Amino acid sequence: MMLMTLSTALTLVLIAGFGLTLGALQIVNMRKVNRLNQALTEVSTRQEALMRANGGAVVKLGQSMHSLEQRVTLTARRQQELENKDAGSLTYDQASKLIQMGAAPEDLVKTCGLSQAEAKLVSLMAARGVGKPA
């Protein structure tokens with residue numbers, strides 16, 4: 001009977017030790033879980049701050065892009081207006097001014113790209129006072 005009591009006591013001691021070990025492991029694991037939760041909260045807070053900062057930067061970038069798009073549109077419109085101007089009228093105005101300054105029709109052919117006939121016509125018109133530039 002004593003053998004049975006000793007083995008029962010030993011079993012009880014082993015069970016108690018096992019229970020204490022499990023309890024200690026659970027406490028250690030709970031502390032690890034708490035540290036991980038705290039770290040996760042900190043990382044989440046930093047991530048939210050970065051997202052807010054990025055959101056502000058994205059808004060500012062969008063505003064800058066909108067401003068640039070407006071400038072590009074305006075520049076394209078101005079370029080189109082310049083391209084639509086009659087290039088010939090600029091040449092004839094330039095030729096007329098050169099004639100008034102004493103240029104010969106041959107000079108107009110060289111500098112303005114006019115044909116010989118056009119240069120003579122501009123010269124005659126300037127001599128008669130027709131089509132004077134403003």
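The values are calculated or read from the model by the stated rules, or taken from the named source; none is laboratory data. This one's a predicted model, so the numbers in the text were calculated from it and none came from an experiment. We place every Cβ from the backbone using ideal geometry, glycine too, and count neighbours over all the protein chains shown.
Observations on the structure shown:
- Of residues in the stretch 87-122 being surrounded by fewer than 18 Cβ atoms within 10 Å (Cβ to Cβ) and among the polar types (S, T, N, Q), the one modelled with the highest pLDDT: Q116
- Among the residues of the stretch 91-105, just one is without any contact (Cβ under 8 Å) to a residue 40 or more places away in the chain, assigned to a helix (DSSP H, G or I) and out of contact with any helix residue (DSSP H, G or I) (no Cβ under 7 Å at 6 or more places or on another chain), namely K97.
- Members of the stretch 1-45 found to be modelled with pLDDT of 95 or more and not in a helix (DSSP H, G or I), listed by number: none
- Enumeration of residues in the stretch 6-45 that are aliphatic (A, V, I, L, M) and within 41 Å of the chain's Cα centre (by Cα): L36, A39, L40, V43
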